[in-house]
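Only one structure is covered here, and it is reproduced in the block below.
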Amino acid sequence: MAEEVSLRDTYGKTLVELGKKNPDIVVLDADLRPSTMTKYFAQEFPERFFDVGIAEQNMIGIASGLAASGKIPFASTFAVFAPGRCFDQIRVSVAQARLNVKIVSTHCGVTVGEDGASHQALEDLALTCSLPGLTVIVPADAIETARVIEAVATHVGPCYVRLPRAKLPNINSDDYRFEIGKAVTMRPGKDATVIAIGVMVAQALEAAAELAKEGIDCRVLNMPTLKPIDETAIVKAAEETGAIVTAEEHQEHGGLGSTVARIIAKHNPVPMEFVAVKDVFGMSGKPNELLERYRLTAKDIVGAVREVIKRKR
Amino acid sequence: MTPSDSNNASSGTSADNVKTEVFASNEDLKSVAIRLRRHIVTMIAKADSGHPGGSLSAVEIATALFWKVLRHKPSDPQWKNRDRFILSKGHAAPLLYSVLAECGYFPMSELSTLRQIDSRLQGHADRTATPGVEMSSGSLGQGLSFAIGVALAGRLNAQNYRVYALLSDGECDEGQVWEAAMAAAQFKVDNLTAIVDNNGLQLSGRNRDIMSLEPLNEKWAAFGWHVTDVDGHDLTQLLDALEKAKKVRGQPAVIIAHTVKGKGVSFMENNVDFHGKAPDAEQLETALKELA
Ligand SMILES: Cc1ncc(C[n+]2csc(CCOP(=O)(O)OP(=O)(O)O)c2C)c(N)n1
Ligand SMILES: [Mg+2]
């Protein structure tokens, strides 16, 4: 197993690197700097760091004002609070206003663990993907996180980046290049495709290795950009492999699975299975126990691939 | 042109050396105010919808700002040293549009397109649609936070523009306003003046019957702001307070402007029915007679 690295720690350190190069980068937080890891930036550039206190709506508004005046604000808190607490502020003051605000939220999904349902964002992608012009990105490891943060800092336009609390194994190599809107083929294959995001990409690779033992040749796509999504890669996967499984640590409603389903329904309907949270809230527990409870493991992906292959035409 | 492909304020370019002029006028402000009121009732009547009450109550506030206080260039809305005016009470867009047209940001004839499909004059203020509109609003309670961000950027960039945010009183029911109030004091944002259009009415009744704001002055003071109280229809008092606010150091300034909702049109004054209702043809005629 590859070394496990914290994506939020990488986020915090990448911000410092970017801050050294670009004086226009400013960072906002809502009393969570030790958790979101914006604390590194706060230490290095106190005059460019604004802690608004426990006031996420105000944080987004201040970020939009900074963006309108030429700054590149990164605003961070837990995903349940942004977009959760301040959806309307993101909708009007960021997306509708077309302002260059970067919202980077941590502690998404059930892998938050012991803090339980109130702190486990499972609907943030449905919320953010519904907003016109907002770019939505979910990195799958620390290496990708660094590239994503660099990319959103340069990209002009509002972005939402979703990070987990948990450490994850590095599945990309150091020379990994990230491009907004492009899927990454993690493993070629012709019998079925698993399209995964975030925490689930490593699980999908494990599943594909398992399936290979049974002679099932499974393609794995990492889909870091959920919006604008790589339609070409999805349509190609449907055409070439004839079956698709999506895997995400998010509600089945409104996340990766429903987006992929919409695209293949239009272009090339093939059987699909969905590895996702099935319309329930999370609970306290150890991250791995919860992934098992909510059927979000490599084993569940293996089962879903076997099922979807049975239904292939 | 649709709002989405029109002027995006953030992409505007501006050079300091272009021959654009800072807006100046020696006109009698009282006659400006009357013209603005006539535009407001006329455009809302034409659109057959909109918010006359809260547009009329803030006419003198806007007049004082755009004609005497703000440094701005109508021919260069993105001039980088301009003072910023942020309309947080976005439903008063007809007031802002009337002001911008009178100043020359766009042709006066465009006022009659308010709220029509593809118009640059959207129902609520939209920065991506209208030259001179600094921020999109319409969801109450958000403008002060934005204004703080603009003020902080000015400080970081060592620019000496000043930021003005116009809030309404019912809007102060929103928790975000008080989050912003705390933050502005904490960050010692002294290049910001907020003005509260304290007309005493909100959508469905009097503030004090729905959600009392009193004591409003003391609340702002307790949140760390320099507070001034004025008659919001008295231009001399407004100009005086706006000038004094500029000199406050180390804390943000707020002006509580006591106003009358629907001011200037007898049957709209203090009448909650005209919060969000257009006058009919006969009412418009009466209104315009009163606003001669
Ligand atoms: C967040 C939000 N909630 C509700 C509304 C609907 N609304 C529009 S105007 C208004 C009343 C506003 O009253 P006030 O703030 O006092 O404004 P004014 O009297 O100046 O018109 C309401 C409730 C809104 N625009 N935004
Ligand atoms: Mg009011």
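Cα extents for the stretch B:58-146 along the principal axes, largest to smallest and rounded to whole angstrom: 33, 30, 25. Since only B:SER212, B:SER119, B:GLN159 are under comparison, the one whose Cα sits farthest along the positive direction of the charge dipole of chain B, derived from C-beta charges on Lys, Arg, Asp and Glu, is B:GLN159.
For the stretch B:203-218 versus the stretch B:262-292, the spacing of their alpha-carbon centroids is 23 Å.
The long axis of helix A:142-154 is offset from the longest Cα principal axis of chain A by roughly 50 degrees. Loop-resident GluC sites (Glu not before Pro) (DSSP state other than H, G, I, E or B) in the stretch A:1-101 with no more than 13 further Cβ atoms inside 10 Å of their Cβ: A:GLU3. Rounded to two decimals, the Cα radius of gyration of the stretch A:4-169 over 2.2 N^0.38 Å is 0.91. Taking every full run of DSSP H in chain B, none both stretches at least 30 Å from end to end by Cα along its long axis and averages 0.5 or higher on the Kyte-Doolittle scale.
Calculate how steeply helix A:256-267 sits against the longest principal axis of the alpha-carbon atoms of chain A, using the helix alpha-carbon long axis, and give the answer as 0 to 90 degrees to the nearest 10. For helix A:256-267, the angle is close to 60 degrees.
Would you mind checking the pairs A:LYS13/A:LYS102; B:LYS30/B:LYS277; A:LYS71/B:LYS246; B:LYS219/B:LYS263; B:LYS30/B:LYS80 and listing those with alpha carbons more than 22 angstrom apart? Beyond 22 Å between Cα atoms: B:LYS30/B:LYS277; A:LYS71/B:LYS246; B:LYS219/B:LYS263; B:LYS30/B:LYS80. Here the protein assembly as shown is assigned +1 on the Cβ of each Lys and Arg and -1 on the Cβ of each Asp and Glu. Its dipole about the Cα centre then comes out at about 860 debye.
Considering the stretch A:266-313 at the alpha-carbon level, its Rg and Dmax are found to be 13.6, 41 Å. Dividing the convex hull volume of the alpha carbon atoms of the protein assembly as shown by its residue count gives 160 Å³ per residue. Computed across chain B, the Kirkwood hydrodynamic radius from all distinct Cα-Cα pairs reaches 19.0 Å.
Among A:LEU131, A:LEU28, the ranking by other beta carbons within 10 Å of each residue's beta carbon, starting with the fewest, stands as A:LEU131, A:LEU28.
The value given for the stretch A:184-310 is a Kirkwood hydrodynamic radius of 14.2 Å, derived from the mean inverse Cα-Cα separation.
For the protein assembly as shown, what proportion of DSSP beta bridges, expressed in % and rounded to the nearest 5, is antiparallel? Of the beta bridges lying entirely in the protein assembly as shown, close to 15 percent run antiparallel.
Rounded to the nearest 20, the Cβ-based charge dipole of the stretch A:4-169 about its Cα centre (Lys and Arg +1, Asp and Glu -1) stands at 360 debye. By the gyration tensor of its Cα atoms, with a ≥ b ≥ c the square roots of the eigenvalues, what is the shape of the stretch A:11-79: rounded for a/c under 1.5, prolate for a/b over b/c, or oblate? Oblate, since a/c reaches 1.5 and b/c is not below a/b. Considering only alpha-carbon pairs that sit under 8 angstrom and 6 or more positions apart, the relative contact order computed for chain B is 23 percent. For A:VAL194, nonlocal amide neighbours, meaning residues 5 or more places apart or on other chains whose placed amide H falls under 5 Å from its own, are A:ARG219, A:VAL220, A:LEU221, A:VAL245. Each residue of the stretch A:84-90 was assigned a 3J(HN,Hα) from its phi angle through the Karplus curve 6.51 cos²θ - 1.76 cosθ + 1.60 (θ = phi - 60°); the sequence is x, 6, 10, 4, 5, 5, 5 Hz, with glycine and proline shown as x.
The numbers here are math on the coordinates, done by the rules we state, and not lab data. It should be emphasised that the depicted structure is a prediction, and the values quoted were computed from it without experimental measurement. Every residue, glycine among them, receives a Cβ derived from its backbone with ideal geometry; neighbour counts consider all protein chains shown.
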